[in-house]
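Accompanying notes for the structure given below.
The values are calculated or read from the model by the stated rules, or taken from the named source; none is laboratory data. Quantities reported herein were computed from a predicted structural model and do not represent experimental measurements. Please note: Cβ atoms are built from the backbone with ideal geometry, for glycine as well, and neighbour counts cover all protein chains shown. SASA here: full protein model, heavy atoms, side chains in, ligands and nucleic acids out. Shrake-Rupley method; radii C 1.70, N 1.55, O 1.52, S 1.80 Å.
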Amino acid sequence: MIKKLFFLAIASLFILSCASKKNILYYQDIKTDSQENINYLPTKLQVNDILFIKVTALVQESADPFNIQVSALGNVNIETYKIQGYLVSQKGSITFPVLGEINVAGKTTEEVQILIANLLKEKGYIRDPTVSVRVINSKVTVIGEVKIPGTYSFEEQNISLNQAIGFAGDLTINGIRKDVLLIREINGTRTYVHLDLTSSKWFDSPYYYVKQNDIIIVNPNGPKVLQSGYITSAVNILGVLSFGITVVLLLKK
């Protein structure tokens with residue numbers, strides 16, 4: 001009887017330790033050679049975004065008062081522009097040279113470009129300006145069961161959730177792929193979304209592309225949670241079982 005229990009325990013451990021493909025493989029419903037149209041969702045500006053805005057004109061001297069002057073700052077890099085950039089205030093606005101306060105929160109960078117260009121023309125400052133607007137402090141935080149948790153900056157206007165997870169070195173084998181939590185804050189509203197990375201059904205949703213300040217949380221699976229307890233591995237479990245069986249045998253003698 002004791003031997004049967006021992007072998008049954010060993011068999012159970014092997015069964016429990018086997019990971020199913022349906023829990024590990026990404027996007028299992030994608031068909032080979034299939035094609036789908038990509039829907040690019042424009043990024044809308046939020047409070048605490050830092051903007052780099054450049055104004056150019058046929059006569060560049062007329063545009064100089066509207067540009068950040070960095071020539072005297074020494075080595076110019078992205079951090080320099082962040083310090084000198086336009087911070088979107090709690091009111092959702094920036095203070096732009098000469099034009100004053102401009103409301104930008106909730107608008108896309110393209111909409112802000114058009115807005116500033118029109119203001120410059122309407123007020124007679126520049127006849128035909130060209131305005132470029134970029135968000136220069138976009139970042140995403142990836143934590144939990146990934147290889148390199150952390151906060152990652154990106155310069156692109158759109159990066160996918162897959163790219164964000166790639167920054168963090170991919171999920172570990174212990175990460176739950178069927179329930180990845182994405183936390184997003186937009187205009188003072190926090191949204192919680194659970195995504196299944198074994199399915200592609202969410203590709204056309206607003207959550208395929210990461211927004212600035214998104215938080216991605218990968219929770220640990222059952223075996224990983226068990227490892228945080230006193231019994232940390234199958235070897236330890238077998239050791240406990242062996243000890244228990246030995247005690248039972250000794251007591252029977």
Integer Hz, Karplus 6.51/-1.76/1.60 couplings in order for region 33-43, x for Gly and Pro: 6, 7, 10, 9, 6, 9, 9, 7, 9, x, 7
9 Å beta-carbon shell around Arg184, net charge (K/R +1, D/E -1): 0
5 angstrom amide H check on Ser138, placed H, neighbours 5+ away: Phe154
Interchain or long-range residues, amide H under 5 Å from Thr172's placed H: Val146, Lys147
Accessible area per residue, Å², region 126-221 with all protein chains present, probe 1.4 Å: 48 Å²
Alpha carbon centroid spacing (whole Å) that separates region 133-152 from region 188-213: 15 Å
Region 64-135, accessible surface, carbon-and-sulfur percent (1.4 angstrom probe): 48 percent
Interchain or long-range residues, amide H under 5 Å from Val210's placed H: Ile159, Ser160, Leu161
Rg/Rh (Cα only; Kirkwood hydrodynamic radius) as it applies to region 36-161: 1.02
Karplus-derived 3J(HN,Hα), 6.51/-1.76/1.60, for each residue of region 182-196, Hz, glycine and proline x: 10, 10, 10, 10, 9, 6, x, 10, 9, 10, 10, 10, 9, 10, 9
